[in-house]
Amino acid sequence: MKGDRRSGLRVGDNSRSETKPPYPSDRTPSAEEQIRAATVGERTPLTEPIEIADYDPDWPLLYLAEVERIRQALGDKVLLIEHVGSTSVVGLAAKARIDILLVVADSADEADYVPPLEACGYTSRIREPDWFQHRLLKGPDTDVNLHVFSPGCPEIDRMLIFRDWLRDNEADRRLYERTKRELAQREWKYVQNYADAKTDVVEEILARAQAHARGDELPPQ
């Protein structure tokens, strides 16, 4: 569910937000300058093809190990933590990278949660004040993307609905895997470009998942 990066991002802004950020209803493809603006530190271009691995039953175990590490670091600052992304869906091929959703009281208040995570080896990599005050940290040893949001952020529900739908719907799980494998054969400068290229299929699948959650008639597959 990683989408594009919007313009106007202020790299280096660690202050607590005085007002709630706007919650955009959609995202547009990432321009290189937007990717660079959101990145904390240097952005490293891809040097090899993206590899989509068959599902690995060790992925949930790696997630649980990270949950323990994060809870030890943050304690009751953890309001919600969930395994998301493709590695959270049994049977789905994926990049061997564990995506974790972490909800804290205020994701913009980095001073409240980033130092304890850095103390156990995490590194800040993405800061997006204009997109739900999203922050992303990388894990210390296991390949982890730790996505940090605040309560009430619509992206939280989107991530969880998408994950749960793929867990239960074999047709869309196969569609998503097929699309990922096809896109992985192309050349991309950044992983984010590959992620952006999945937007259409993600939105198609998400529309069915949301319709199902509302009890609506499902859009055609």
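Counting only residues that are among the acidic types (Asp, Glu) and more than 20 Å from the chain's Cα centre (by Cα), which one in the stretch 169-221 is modelled with the lowest pLDDT?
Step one: of the stretch 169-221, the residues among the acidic types (Asp, Glu) are 170, 172, 177, 182, 187, 196, 200, 203-204, 216-217.
Next, only the ones that are more than 20 Å from the chain's Cα centre (by Cα) stay: 170, 182, 187, 216-217.
Working: Glu170: 98, Glu182: 98, Glu187: 93, Asp216: 87, Glu217: 79.
Going through the qualifying residues, I end up with Glu217.
Condition check ((1) farther than 18 Å from Thr87 by Cα; (2) among the hydrophobic types (A, V, I, L, M, F, W, C); (3) not in a helix (DSSP H, G or I)) across all residues:
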residue	(1), (2), (3)
Arg174	no, no, no
Glu177	no, no, no
Lys180	no, no, no
Arg186	yes, no, yes
Asn193	yes, no, no
Val201	no, yes, no
Ile205	no, yes, no
Arg208	yes, no, no
Leu218	yes, yes, yes
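Determine which member of the set Asp99, Asp56, Asp112, Asp106 is surrounded by 13 or more Cβ atoms within 10 Å (Cβ to Cβ), more than 28 Å from Pro151 (Cβ to Cβ) and in contact (Cβ under 8 Å) with a residue 24 or more places away in the chain.
Values: Asp99 fails: more than 28 Å from Pro151 (Cβ to Cβ); Asp112 fails: more than 28 Å from Pro151 (Cβ to Cβ); Asp106 fails: more than 28 Å from Pro151 (Cβ to Cβ).
Only one candidate passes the filter, namely Asp56.
Can you find, within the stretch 68-90, the residue that is surrounded by the fewest Cβ atoms within 10 Å (Cβ to Cβ) among those that are in a helix (DSSP H, G or I) and without any contact (Cβ under 8 Å) to a residue 40 or more places away in the chain? Can you show your working first?
Keep residues of the stretch 68-90 that are in a helix (DSSP H, G or I), which gives 68-77, 86-88.
Pick out the ones that are also without any contact (Cβ under 8 Å) to a residue 40 or more places away in the chain and you get 68, 71, 75-77, 87.
Numbers: Glu68: 9, Arg71: 13, Gly75: 9, Asp76: 6, Lys77: 16, Thr87: 26.
Here the residue is Asp76.
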Name the one entry in Arg174, Arg178, Arg214 that is free of Cβ contacts under 8 Å to residues at least 40 places away in the same chain and loosely packed, with under 12 Cβ neighbours inside 10 Å. Arg214
Condition check: in contact (Cβ under 8 Å) with a residue 24 or more places away in the chain, touching a strand residue (DSSP E or B) at 6+ places or on another chain (Cβ under 9 Å) and of a type outside the set (Val, Ile, Thr). Does Leu146 satisfy that? yes
Does the stretch 91-129 hold any residues that are among the aromatic types (Phe, Trp, Tyr) and part of a helix (DSSP H, G or I), and which are they? Tyr113
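Only one of Arg125, Arg158, Arg163 is surrounded by fewer than 19 Cβ atoms within 10 Å (Cβ to Cβ) and in contact with a strand residue (DSSP E or B) (Cβ under 8 Å, 6 or more places away or on another chain). Can you tell me which? Please lay out each step first, then the result.
Values: Arg158 fails: in contact with a strand residue (DSSP E or B) (Cβ under 8 Å, 6 or more places away or on another chain); Arg163 fails: surrounded by fewer than 19 Cβ atoms within 10 Å (Cβ to Cβ).
Selected residue: Arg125, the only one of Arg125, Arg158, Arg163 that is surrounded by fewer than 19 Cβ atoms within 10 Å (Cβ to Cβ) and in contact with a strand residue (DSSP E or B) (Cβ under 8 Å, 6 or more places away or on another chain).
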Test each condition in (1) touching a Phe, Trp or Tyr at 6+ places or on another chain (Cβ under 8 Å); (2) assigned to a loop (DSSP other than H, G, I, E, B); (3) at pLDDT 95 or above for Gly152 and report the one that comes out false. (1)
Condition test on Ile35, is it of a type in the set (A, V, I, L, M), within 26 Å of Tyr194 (Cβ to Cβ), under 19 Å from the mean Cα position of the chain (by Cα) and modelled with pLDDT of 85 or more? no
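The values are calculated or read from the model by the stated rules, or taken from the named source; none is laboratory data. Everything numeric here is computed off the predicted structure, so don't read it as measured data. A quick note on method: Cβ atoms are made from the backbone with ideal geometry, for glycine too, and the neighbour counts reach across all protein chains shown.
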